[in-house]
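One structure is given below, encoded as structure tokens.
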Amino acid sequence: MEGAQVKLAEILEKCKSENVNLKELKSIKRFLQDNRKSYNRKQKWLKIVIISCLLAYVVNYYFTELQSKRCSFEMPRLLRYAFRPPENCNFCENVDKIARVSDITSQEFARKYAYSATPVIVEDATKNWTALEKFDYWYFRDAYNNAQRKEKILDCQFLPYKTGFRDIFEALDMSEARVEYFNNNSAHNEEQPWYFGWSNCNPETAEEFRRHYGKPYFLPDTSENNAVDWFFIGTAGLGAHMHIDNVRLPSWQAQLSGSKRWLLAPPPECYFKCKSFDGIVNKGDIIVLDTNKWYHQTFVQPGEISLTIGAEYD
């Protein structure tokens with residue numbers, strides 16, 4: 001990764017030294033046409049430089065301007081990973097497990113965990129939330145089916161993972177047999193496991209949902225949740241693939257039912273300095289993690305349907 005960064009810096013410096021920019025393309029082309037002996041060689045060089053400059057500009061613009069905005073296109077995953085800015089490995093060098101705490105003050109949490117990128121599970125963080133008893137698949141189905149402005153709900157981001165669902169309404173229209181997959185999970189079960197997620201960007205449903213949970217008690221007094229919350233729900237055998245997020249802020253995720261195993265890995269540039277490890281997040285726990293630094297994968301554990309809610313915080 002460091003070698004790629006050095007090479008990219010050299011290309012950008014070459015662009016600068018040669019004064020290549022989009023406005024000068026026509027004049028450069030005319031110049032090359034006047035020097036036909038070296039036209040082919042210079043044309044190939046010019047194409048490489050121009051493509052490299054444009055690619056560097058797009059990647060830089062994506063990471064600095066677009067990653068927190070809803071866009072009409074997404075940068076391909078491999079491209080995002082290849083040109084992700086390298087991390088300083090200090091954040092993970094002495095971390096070999098997910099810490100577990102309870103009854104922690106906001107001051108202590110801020111000092112040890114809030115902005116250090118050290119992953120932590122707070123075990124008593126949801127004890128006053130009614131969401132643990134209220135939220136399930138059928139609750140969300142009724143809430144969305146009864147919403148007044150359903151077209152606005154479709155504007156929210158939806159993550160089908162490997163289910164093939166096209167939107168939240170299709171995902172919430174499964175048969176009872178498939179929803180209750182975990183209760184019927186036998187050798188003769190013909191139903192398929194399922195797992196999906198969505199952002200709660202619609203004010204109408206957000207107001208209803210937020211009556212049943214709030215800002216985790218341990219977050220610093222000065223911090224605020226992101227305006228958009230995320231829900232993830234599904235059965236055993238599925239979960240999120242290994243990935244890293246493109247967000248600016250750390251986040252929390254509360255386990256409202258079921259349980260998940262989280263596998264955490266350092267970014268490639270830190271493989272020889274940091275360790276990979278995992279941990280189980282049980283019902284009632286909240287895991288706090290900088291998903292922009294740690295690669296992470298989740299596995300829904302056997303038993304209850306897993307339901308989580310999360311948000312970024314500053």
Is it true that some residue in the stretch 176-189 is buried (at least 17 other Cβ atoms within 10 Å of the Cβ) and not in a helix (DSSP H, G or I)?
-> no
Taking the stretch 279-297 and the residues there that are open to solvent by less than 10 Å² (accessible area, probe 1.4 Å), out of contact with any His (no Cβ under 8 Å at 6 or more places or on another chain) and not in a loop (DSSP other than H, G, I, E, B), the one that is farthest from Leu256 (Cα to Cα) would be Val288
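In the stretch 85-110, which residues are of a type in the set (D, E, K, R) and either in contact with a Phe, Trp or Tyr (Cβ under 6 Å, 6 or more places away or on another chain) or open to solvent by less than 90 Å² (accessible area, probe 1.4 Å) (or both)? If you could, list the steps in order and put the result at the bottom.
Within the stretch 85-110, the first condition is being of a type in the set (D, E, K, R), and the residues that meet it are 87, 93, 96-97, 100, 103, 108.
Glu87, Glu93, Asp96, Lys97, Glu108, listed by residue number.
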Mind listing whichever residues of the stretch 263-278 are in contact with an Asp or Glu (Cβ under 9 Å, 6 or more places away or on another chain), open to solvent by 10 Å² or more (accessible area, probe 1.4 Å) and assigned to a helix (DSSP H, G or I)?
-> Glu269
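Of Thr205, Thr130, Thr222, which residue is within 30 Å of Tyr113 (Cα to Cα), among the polar types (S, T, N, Q), more than 18 Å from the chain's Cα centre (by Cα) and modelled with pLDDT of 90 or more?
On the way: Thr205 fails: within 30 Å of Tyr113 (Cα to Cα); Thr222 fails: modelled with pLDDT of 90 or more.
So the residue among Thr205, Thr130, Thr222 that is within 30 Å of Tyr113 (Cα to Cα), among the polar types (S, T, N, Q), more than 18 Å from the chain's Cα centre (by Cα) and modelled with pLDDT of 90 or more is Thr130.
Residue by residue, here is whether (1) without any contact (Cβ under 8 Å) to a residue 24 or more places away in the chain; (2) closer than 25 Å to Gly284 by Cβ; (3) of a type in the set (Asp, Glu); (4) not assigned by the TED database to the domain that holds Gly258 holds:
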| residue | (1), (2), (3), (4) |
| --- | --- |
| Lys134 | no, yes, no, no |
| Tyr139 | yes, yes, no, no |
| Asn145 | no, no, no, no |
| Leu154 | yes, no, no, no |
| Tyr161 | no, yes, no, no |
| Pro193 | no, yes, no, no |
| Gly197 | no, yes, no, no |
| Asn225 | no, yes, no, no |
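How many of the residues making up the stretch 146-174 are more than 23 Å from the chain's Cα centre (by Cα), open to solvent by 50 Å² or more (accessible area, probe 1.4 Å) and at pLDDT 95 or above? Outline the logic, then answer.
If we filter the stretch 146-174 for residues that are more than 23 Å from the chain's Cα centre (by Cα), which is where we start, we get 146-151, 173-174.
Checking which are open to solvent by 50 Å² or more (accessible area, probe 1.4 Å) leaves us with 146, 148-151, 173.
If we keep only those that are at pLDDT 95 or above too, we end up with 173.
Within the stretch 146-174, residues that are more than 23 Å from the chain's Cα centre (by Cα), open to solvent by 50 Å² or more (accessible area, probe 1.4 Å) and at pLDDT 95 or above number 1.
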Apart from one, (1) touching a strand residue (DSSP E or B) at 6+ places or on another chain (Cβ under 9 Å); (2) in a helix (DSSP H, G or I); (3) modelled with pLDDT under 95 all hold for Phe109; the odd one out is (3)
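Out of all the residues in the stretch 118-145, which are in a loop (DSSP other than H, G, I, E, B) and surrounded by 14 or more Cβ atoms within 10 Å (Cβ to Cβ)? Explain how you work it out, then say what you get.
Here is the first cut: in the stretch 118-145, the ones in a loop (DSSP other than H, G, I, E, B) are 118-119, 123-130, 135-136.
Within the stretch 118-145, Thr118, Pro119, Glu123, Asp124, Ala125, Thr126, Trp129, Phe135, Asp136 meet the criteria.
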Quick check, is Gly234 under 30 Å from Ala147 (Cα atoms), at pLDDT 95 or above and buried (at least 20 other Cβ atoms within 10 Å of the Cβ)?
-> yes
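The values are calculated or read from the model by the stated rules, or taken from the named source; none is laboratory data. Only a predicted model underlies this, so the values are computations on that prediction, with no experimental measurement involved. Methodologically, a virtual Cβ is constructed for each residue, glycine included, from the backbone with ideal geometry; neighbour enumeration extends over all protein chains shown. Keep in mind that these areas ignore ligands, DNA and RNA; they rest on the heavy atoms of the full protein, side chains included. Shrake-Rupley method; radii C 1.70, N 1.55, O 1.52, S 1.80 Å.
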